[in-house]
Amino acid sequence: MEFEALYVDVARFDRPMDELVARAASAGVRTFGLESSVFQHVADTKAPQGVLGAVRLPATSLDALIEPRTLVVLVDVQDPGNAGTLVRSADASGASAVVFTAHSVDPFNPKTLRATAGSIFHVPIVVSEFEELRAYCARNAIQVVASVARGGVDPREANLSRASALLVGNEATGLSPEIEHASDLRVTVPMSGHAESLNAGVAGSLLAFEALYQRRSAGLDVPRSSL
């Protein structure tokens, strides 16, 4: 992650902040002190921690990925909380990358960033059209797996240890029939009780971890591919 600059609330400048500024300066990062009123104005949160960083967006491309094993794909996922949860789960489950397609929320939306709890910096992020993703998967022998509310196979009965793109659809409408049709496999997380469906963030997280468990069982749980 490449920092452009660091901004500090001068009213909260204490020893830990002094050490942070010194480390930034030694790394060649420009640092600026702001009055509290100005800092509060530019900060996105109501109770900022006193330091802001400007960094280069870490987005990459599909072709820059090296031997991807599991891709978590957001298709029209519009809630930043769900998007952040999926990025965090992708990171925790060792996914190779997270792909945002169609009209999904901006992965660098401030609310999305906070929901990732820092995982946005640990897992490659790709923004792509679905057609481009489908072609990429076909070229690289990656199966496209559609998560659907009903009618799919149990994920535990699917082979998710092989290279897979796990599709998670819109919170209200799921995946379109066209995208389901373009997928190689449809899976449905089995449920008990009266809920009609799972939250998009939860469903995608369960699939990501099922893929992790299967990779481990097959002896394929290797460190995440680097860029």
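Each reported figure results from applying straightforward, stated rules to the coordinates on display, with no laboratory input. Nothing here was measured: the structure is a model prediction, and the numbers come from that model. Heads up, the Cβs are rebuilt from the backbone with ideal geometry, glycines too, and the neighbour counts pull from every protein chain shown.
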Spin-label pair Ala172/Ile66, simplified geometry with 7 Å Cα→Cβ offset, distance in nm: 4.3 nm
Estimated FRET transfer efficiency when R0 is 41 angstrom, pair Lys46-Leu220 (beta carbons, to 0.05): 0.35
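Between Glu131 and His103, what FRET efficiency follows from the Cβ-Cβ distance if R0 is 22 Å, with the result rounded to 0.05? List each step's numbers first, then the result.
Details: r = 14 Å, r/R0 = 0.64.
E(calc), rounded to 0.05, equals 0.95.
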Theoretical ellipticity at 222 nm over the chain - DSSP helices of four or more residues, -39500 (n - 2.57) apiece, nearest 500: -9500 deg cm²/dmol
Long-range HN-HN contacts of Gly33 with modeled amide H, under 5 Å: Val8
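Quick check on the chain: of the DSSP beta bridges with both residues there, what percent are antiparallel, nearest 5%?
Numbers: 6 of 34 bridges.
For the chain, the DSSP antiparallel bridge percentage is about 20.
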Projected area, mean over directions - region 3-55, Cα convex hull, nm²: 3.4 nm²
Folded to 0 to 90 degrees: helix 130-139 orientation relative to the chain principal axis, Cα: 70 degrees
Which labelled figure in (1) 1, 6, 13, 16, 16, 14, 12, 9, 6, 3, 2, 1, 0, 0; (2) 1, 7, 14, 17, 17, 13, 9, 7, 7, 5, 3, 0; (3) 1, 6, 14, 18, 20, 17, 12, 7, 4, 1, 0, 0 is P(r) over Cα pairs in 5 Å bins from 0, in percent, once derived from the coordinates: (2)
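Between Arg150 and Ala92, how high is the FRET efficiency from 1/(1 + (r/R0)^6) when r is the Cβ-Cβ distance and R₀ = 25 Å? Nearest 0.05.
After rounding to 0.05, the efficiency reads 0.40.
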Helix 200-217 vs. the chain, principal-axis angle (Cα, 0 to 90°, nearest 10): 70 degrees
